[in-house]
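Here's the structure, in structure tokens; my notes come after.
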Amino acid sequence: MSTLLAVLVDGVIYASWLFIIAAGLTIIYGVMRILNMAHGSFYALGAYAAASLVGVWLRGGRPPMGSYAMLALAAILVGVVAGPVIERGLLRFAYGKDEVVLVLITYAVFLILEDAVKLAWGVESYFVTEPYGLLGNLEMGPLSYPVYSGVLVLVAVAVGVALRWGIYGTRYGKLLTAVIHDREVSAALGIDVGRVYLVTFTLGTMLAAAGGALTAPMVSVVPGMGVEVIVLAFAVVVIGGLGSVPGAALGSLVVGLVRSAAVHWLPQVELFSIYLVMALVLAFRPRGLFVAAEARKI
Amino acid sequence: MIRRRWTTAGLGIALVAVVGVAPLLPRWSLFVVTISLAKGLVALGLLLLMRTGLVSFGQGLYYAVGAYAAGVGAEALHLSDAVPMVILGALAAAAVALVLGLLLARYRAIFFAMLSLAFSMILYGVLVKTSAFGSTDGFNVAPKSILGFAAAGPAGRFGVYGVAALCAFGATLGIDRYLRSKLGRLAPAVRDNELRVEYMGASVRNVVHLHLVLAAALAGLGGALTALAVGHVDPEMAYWTTSGEFVFIAILSGTSSVAAPFVGALLLELLRSFAYEHAPNTWQLVMGVAMLGVILFLPEGLWSLFRRRVRSAT
């Protein structure tokens, strides 16, 4: 019984973490049709930025609670710097190319950013564990969880609600939906498609960076930390359906629960269970669980 | 017909040259060239897929299967000679592709890329947790002989190099012939318009399936050769970054010539060895910039530079 509870709680925590990252990936794909391999690098950038900012904040002897603000600041900074630079500076020259070519371009960006991170921060690892332990623990029956994990879940829920409200409840969301359905007609009707793309990419980058910033206190921040996250986030969005935010939520839950079940009951299958689910979903519902099949255009 | 003879002659000269200069090469570069030949074979398979309009982000799967089959086969089947080990690697990878192809052949574009990626990551996960295969450490592979000659010391390294050169020669010639055949000419047709190919009476799925198997066999061959050259296999061979590297080689070389993947692979390996020596933290950056440059400014790959010059000369 307590194992089941542990599986569920661990699964939800892991799913929350995944959702924050995958939501960014899926909105970028949904709007721009770019399967962004550089997403893992943005995640790593967020983690490094968070490690540096929190370090600077605490070294100054400031109140430790402010380190949470630093995590948020790190995500925002990475988003508004890296997002526009890459979208305006590179991706906008590639719009209209084949989806696979766009994947390759973002793969190149990933390679560049991997080393850019090493050049900027060096190859040694960073530790900023203060925000993780600061909130204490939460007793759940026989189990004890850090409150920080609860914060992660809350952030994920907030991101989900905000995205849903942003897309369905605001004027900007309606413009976004129009661009998703038909880019050319939207442009003809006077929507600034370039700006929609810029905002979307920045937002997606910010979410990846937020995922990284929130992870930084829980792990050691090392080079190459984004490499695994890319394929994990891919698995999530493919399971839920590329471009769908509810799909990303469902995909995160599936991956989170499958992984934590595997960790608790069958540790040998932990690594590949996620990809097995991904392959199964692709085999039976190639467009994912949440996206309706698209009519083929000839 | 004349072009075919030219290709054979050109590749023959390349083979003689590659084998001929071997004794003159310093030891480290002998290894680099062997690995380039092995990786070039994998990229040659990707070239075939790319001509069919598919980009696989999971060739590492077949690469690892080939390498592990060569190693495990050596023990289980008591194959101690390098040549049967290499053949076993290629066959094992082809067999895996034959099965997976039943599913993969129905997918296109990013869905194909994602599914092949998922398969390779499954293998990675399995290999990492299989203690019989040494988990994350992998295991050592050492052939006792190469075509009957003892495979110890420098002679063995030269032998593996020779086998790699022969494999590359044979595979390149074979793929070149194939691409000029009636069936091979369907590849660009499938890429351009699948529906028309079907209307003409050919089966797109069979063509794609066949190309998947051929590409896998080449990747398995490359994997087995790598295992022999390095003397070691590990699960990293199935990880997605390995597959990404093959895609990088294929993009860099372009799809216009069957010889290009080997040049691309050699460039990459040379770049890597120099970067490891002088700037270990910037070599991926160089790779990324090179890849961006090629995609944006030379969509046909580096080979097109050479081609354009030839054309303008005539």
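For region A:1-36, the candidate set comprises residues that are assigned to a loop (DSSP other than H, G, I, E, B) and within 17 Å of the chain's Cα centre (by Cα); within that set, the residue that is surrounded by the fewest Cβ atoms within 10 Å (Cβ to Cβ) is A:ARG33. For region B:103-136, enumerate the residues that are buried (at least 18 other Cβ atoms within 10 Å of the Cβ), among the aliphatic types (A, V, I, L, M) and under 22 Å from the mean Cα position of the chain (by Cα). Result: B:LEU104, B:ALA105, B:ILE110, B:ALA113, B:MET114, B:LEU115, B:LEU117, B:ALA118, B:MET121, B:ILE122, B:LEU123, B:LEU127. For region B:120-140, taking the residues that are assigned to a helix (DSSP H, G or I) and of a type in the set (Val, Ile, Thr), the one that is farthest from A:ARG287 (Cα to Cα) is identified as B:THR136.
The residue list B:LEU88, B:LEU117, B:LEU98 contains one member that is modelled with pLDDT of 80 or more, part of a helix (DSSP H, G or I), away from chain A (no Cβ under 14 Å) and under 30 Å from B:VAL32 (Cβ atoms), which is B:LEU88. Within region B:258-270, residues that are more than 21 Å from B:THR8 (Cβ to Cβ) reach partners that are among the basic types (Lys, Arg) with beta carbons closer than 8 Å, at six or more positions or on different chains, in the pairs B:ALA265/B:LYS39; B:LEU268/B:LYS39; B:GLU269/B:LYS39. Determine which member of the set B:VAL213, B:VAL190, B:VAL197, B:VAL208 is without any contact (Cβ under 8 Å) to a residue 24 or more places away in the chain and either surrounded by fewer than 16 Cβ atoms within 10 Å (Cβ to Cβ) or not in a loop (DSSP other than H, G, I, E, B) (or both). After applying the criteria, what remains is B:VAL197. Of the residues A:VAL263, A:VAL221, A:VAL229, only one is under 18 Å from the mean Cα position of the chain (by Cα), at negative phi and modelled with pLDDT under 85; which? Selected residue: A:VAL221, the only one of A:VAL263, A:VAL221, A:VAL229 that is under 18 Å from the mean Cα position of the chain (by Cα), at negative phi and modelled with pLDDT under 85. Among the residues of region A:94-124, the ones that are in contact with a helix residue (DSSP H, G or I) (Cβ under 7 Å, 6 or more places away or on another chain) and either at the interface with chain B (Cβ under 7 Å from one of its Cβ atoms) or within 30 Å of B:THR52 (Cα to Cα) (or both) come to 16 in all. Restricting attention to region B:201-215, the residues being of a type outside the set (A, V, I, L, M) and over 19 Å from B:ALA171 (Cα atoms) number 4.
The helices (runs of 4 or more DSSP H) found wholly in region A:200-298 and carrying at least 3 residues that are more than 10 Å from chain B (Cβ to nearest Cβ) and not charged (D, E, K, R) occupy A:225-240, A:245-265.
Going by the structure shown, is A:GLY166 at pLDDT 85 or above and away from chain B (no Cβ under 12 Å)? Yes, satisfied. Within the option set A:GLY224, A:GLY251, being touching a residue at least 40 places away in the same chain (Cβ under 8 Å) and buried (at least 23 other Cβ atoms within 10 Å of the Cβ) holds for one residue only, A:GLY251.
All of (1) hydrophobic (A, V, I, L, M, F, W, C); (2) at pLDDT below 85; (3) assigned to a helix (DSSP H, G or I) hold for B:ALA202 with one exception: (3).
Only one entry in B:SER253, B:SER273 is under 27 Å from A:GLU124 (Cα atoms), out of contact with any Asp or Glu (no Cβ under 6 Å at 6 or more places or on another chain), hydroxyl-bearing (Ser, Thr, Tyr) and touching a residue at least 60 places away in the same chain (Cβ under 8 Å), namely B:SER273.
Restricting the first member to region B:64-84 and to residues that are under 17 Å from B:LEU41 (Cβ atoms), and the second to residues that are outside any helix (DSSP H, G or I) and at pLDDT below 85, the beta-carbon pairs closer than 6 Å and six or more apart or on different chains are B:ALA82/B:PRO143; B:ALA82/B:ILE146; B:VAL83/B:LEU147.
Residue-by-condition table, conditions (1) more than 14 Å from every other protein chain (Cβ to nearest Cβ); (2) within 30 Å of A:PRO223 (Cβ to Cβ); (3) modelled with pLDDT under 80; (4) part of a helix (DSSP H, G or I):
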{"position": "B:ILE249", "(1), (2), (3), (4)": "no, yes, no, yes"}
{"position": "B:THR255", "(1), (2), (3), (4)": "no, no, yes, no"}
{"position": "B:PRO261", "(1), (2), (3), (4)": "yes, yes, no, yes"}
{"position": "B:ALA265", "(1), (2), (3), (4)": "yes, yes, no, yes"}
{"position": "B:LEU268", "(1), (2), (3), (4)": "no, yes, no, yes"}
{"position": "B:PRO299", "(1), (2), (3), (4)": "no, no, yes, no"}
{"position": "B:SER304", "(1), (2), (3), (4)": "yes, no, yes, yes"}
{"position": "B:SER312", "(1), (2), (3), (4)": "yes, no, yes, yes"}
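Against the condition under 30 Å from B:PHE57 (Cα atoms) and away from chain B (no Cβ under 14 Å), how does A:VAL179 come out, does it pass? Criteria met by A:VAL179. Among the candidates A:ALA74, A:ALA162, A:ALA82, A:ALA120, the residue that is without any contact (Cβ under 8 Å) to a residue 24 or more places away in the chain, of a type in the set (Gly, Ala, Ser) and outside any loop (DSSP other than H, G, I, E, B) is uniquely A:ALA162.
Can B:LEU225 be described as of a type in the set (A, V, I, L, M) and in contact (Cβ under 8 Å) with a residue 40 or more places away in the chain? Yes, satisfied. Condition first: in a loop (DSSP other than H, G, I, E, B), among the hydroxyl-bearing types (Ser, Thr, Tyr) and farther than 26 Å from A:TYR275 by Cβ. Can you find one or more residues in region B:24-40 that meet it? For region B:24-40, residues in a loop (DSSP other than H, G, I, E, B), among the hydroxyl-bearing types (Ser, Thr, Tyr) and farther than 26 Å from A:TYR275 by Cβ: absent. Restricting attention to region B:125-136 and to residues that are more than 7 Å from chain A (Cβ to nearest Cβ) and in contact (Cβ under 8 Å) with a residue 60 or more places away in the chain, the residue that is nearest to A:ILE239 (Cα to Cα) turns out to be B:LEU127.
Would you confirm whether any residue within region A:62-76 is surrounded by fewer than 22 Cβ atoms within 10 Å (Cβ to Cβ), facing chain B (nearest Cβ under 8 Å) and either of a type in the set (A, V, I, L, M, F, W, C) or more than 22 Å from the chain's Cα centre (by Cα) (or both)? No, region A:62-76 contains no residue that is surrounded by fewer than 22 Cβ atoms within 10 Å (Cβ to Cβ), facing chain B (nearest Cβ under 8 Å) and either of a type in the set (A, V, I, L, M, F, W, C) or more than 22 Å from the chain's Cα centre (by Cα) (or both).
The values are calculated or read from the model by the stated rules, or taken from the named source; none is laboratory data. No experiment lies behind these values; they were computed from the predicted model shown. Please note: Cβ atoms are built from the backbone with ideal geometry, for glycine as well, and neighbour counts cover all protein chains shown.
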